[in-house]
Amino acid sequence: MQGATNVRVAIVAGTRPEVVKLAPVRAALAAKGGFTPVWISTEQQAALNRQALDTLGIAPDVALPAPANDASLAARFAHVMDQLDRAYEKVQPDLVVVQGDTSSTAAGAMAAFARRLPVAHVEAGLRTFDLASPFPEEGWRCVVGQLAELHFAPTGVAAGNLTRQGVADSRVFVTGNTGVDSVRLAAAGLAPEPATEGLRRIMVTLHRRENWGEALENVLGALLDIRDHVPDVEIVFVAHANPALRQRVFALLEGQARMRVIGPLEYTDFLRLLKSCVMVMSDSGGVQEEAPVFGVPVLVLRESTERMEAVTAGVARLAGVSRAGVAGLACLLLTDEAERQTMARALSPFGDGYAAERIVEVLTRHYAQRLADDPISRLNAG
């Protein structure tokens, strides 16, 4: 269905998770025909975004100026939205695709709305129903939920959240999570990172704004408690790029016995490390989706999660962020193998790894009449 009436799809991404989760959509659109994907990189996380693009072999069609590193949340949002408005004027897309709950997601949807462009939201419907947790992500995804024309929900639970908020069922499609697609494609034949002899490995990540400050101190203290209580454990902290977070993590953990601070890692290196772990502790939504694919139990370093499907399935548990609570739950699983094994099951509550294909099938049906009216397509069909 190549031709003059191809549907131009602007794919907006500016963070590593967005790149990872939208890469399969871009590939599926290109493979289907009838669509012209245009990748717009907001450079919201300039270094991590570029790292992910390089790893996955994506050359952005449009790369926007990155926001200032020291800009406030509002200033960064305004910068991204303004730059995207200019990009849409240049690209003239028929549809804008955004993913998840970042500033790029909300700015991408709002800039599209201002130009009366339809929006499709990948990973739609996730909710904690608490605007303070996670902040600002819960607010961003609620905004996009009001603006999007098409909602690609990863699970039935997410779809139900949208229905309860008044989104018409005809606009909601359960597809699975495209992050699982990327794991399926990237991890095939990928060997785990070699283990340190005689030690079991735990991976830790922490980056959300609500976990800055006291919560970070609590978690770092809990890691020291776990290390002291369990003599055969190695803790690998994959540090976020945020300078303030990195400085505190390195100050407290660097040089400690059986502890390593590394990262940020390339996507495939991250998956190799994850595959080698007996447990992961994280406040990351992506990790909650990725780890169960490998049968790695997840302790969620948050008081609530919008991905309760993993908790319900028994492959993740909410650990909170108190020092005693985090250390106690981790030590329980590390000293009671039978208990840990109840969580160490390779299953994915978030899909089978073919979400992108389902998304493109929905888009094909949505634009069926336009594609059918393509004179070149009709000529080829005849």
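The values are calculated or read from the model by the stated rules, or taken from the named source; none is laboratory data. Values in this document were obtained by computation on a predicted structure and should not be read as measured data. Please note: Cβ atoms are built from the backbone with ideal geometry, for glycine as well, and neighbour counts cover all protein chains shown.
Observations on the model:
- Residue within region 81-95 that is surrounded by fewer than 24 Cβ atoms within 10 Å (Cβ to Cβ), in a loop (DSSP other than H, G, I, E, B), under 20 Å from the mean Cα position of the chain (by Cα) and modelled with pLDDT of 95 or more present: no
- Unique residue being outside any strand (DSSP E or B), in contact (Cβ under 8 Å) with a residue 40 or more places away in the chain, assigned by TED's automatic domain parsing to the domain that holds Ile11 and within 19 Å of Leu29 (Cβ to Cβ) when the list is Ala124, Ala132: Ala124
Table: residues versus (1) of a type outside the set (Phe, Trp, Tyr); (2) closer than 19 Å to Ala106 by Cα; (3) crowded, with 19+ Cβ neighbours inside 10 Å; (4) modelled with pLDDT under 95.
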{"residue": "Glu18", "(1), (2), (3), (4)": "yes, yes, yes, no"}
{"residue": "Ala28", "(1), (2), (3), (4)": "yes, no, yes, no"}
{"residue": "Phe35", "(1), (2), (3), (4)": "no, no, yes, no"}
{"residue": "Ser41", "(1), (2), (3), (4)": "yes, yes, yes, no"}
{"residue": "Gln45", "(1), (2), (3), (4)": "yes, yes, yes, yes"}
{"residue": "Ala74", "(1), (2), (3), (4)": "yes, yes, no, no"}
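- Failed item, numbered, when Val219 is tested on (1) in contact (Cβ under 8 Å) with a residue 60 or more places away in the chain; (2) in a helix (DSSP H, G or I); (3) closer than 20 Å to Ala324 by Cα; (4) out of contact with any helix residue (DSSP H, G or I) (no Cβ under 8 Å at 6 or more places or on another chain): (4)
- Total residues in region 341-382, condition modelled with pLDDT of 85 or more, assigned to a helix (DSSP H, G or I) and crowded, with 17+ Cβ neighbours inside 10 Å: 9
- Ala187 being out of contact with any Cys (no Cβ under 6 Å at 6 or more places or on another chain) and either under 30 Å from Val157 (Cβ atoms) or without any contact (Cβ under 8 Å) to a residue 24 or more places away in the chain (or both): yes
- Restricting attention to region 288-302, the residues that are buried (at least 24 other Cβ atoms within 10 Å of the Cβ) and part of a helix (DSSP H, G or I) total 5.
- Selection of region 98-108 for residues being closer than 23 Å to Gly34 by Cβ and under 15 Å from the mean Cα position of the chain (by Cα) yields Val98, Gln99.
- Any hit, region 322-340, residues being in contact (Cβ under 8 Å) with a residue 24 or more places away in the chain, closer than 19 Å to Pro154 by Cβ and assigned by TED's automatic domain parsing to the domain that holds Gly213: no
- Qualifying residue in region 226-233 (condition: in a helix (DSSP H, G or I), crowded, with 17+ Cβ neighbours inside 10 Å and assigned by TED's automatic domain parsing to the domain that holds Leu271): yes
- Test: residue in region 173-182 that is more than 15 Å from the chain's Cα centre (by Cα) and closer than 20 Å to Gly108 by Cβ: yes
- Residue match in region 248-261 (condition: touching a helix residue (DSSP H, G or I) at 6+ places or on another chain (Cβ under 8 Å), over 25 Å from Leu334 (Cα atoms), modelled with pLDDT of 90 or more and not assigned by TED's automatic domain parsing to the domain that holds Gln44): no
- Restricting attention to region 268-287, the residues that are within 28 Å of Ala159 (Cβ to Cβ) and either among the polar types (S, T, N, Q) or surrounded by fewer than 19 Cβ atoms within 10 Å (Cβ to Cβ) (or both) add up to 2.
- Just one of the numbered conditions (1) within 24 Å of Glu123 (Cβ to Cβ); (2) in a loop (DSSP other than H, G, I, E, B) is not true of Ala257: (1).
- Selected residue (only one of Val12, Val38, Val20 is part of a helix (DSSP H, G or I) and in the same structural domain as Trp140 (by TED's automatic domain parsing)): Val20
- Any helices (runs of 4 or more DSSP H) falling wholly within region 136-195 and containing at least 2 residues that are modelled with pLDDT under 95 and outside the structural domain of Leu56 (by TED's automatic domain parsing): 178-187
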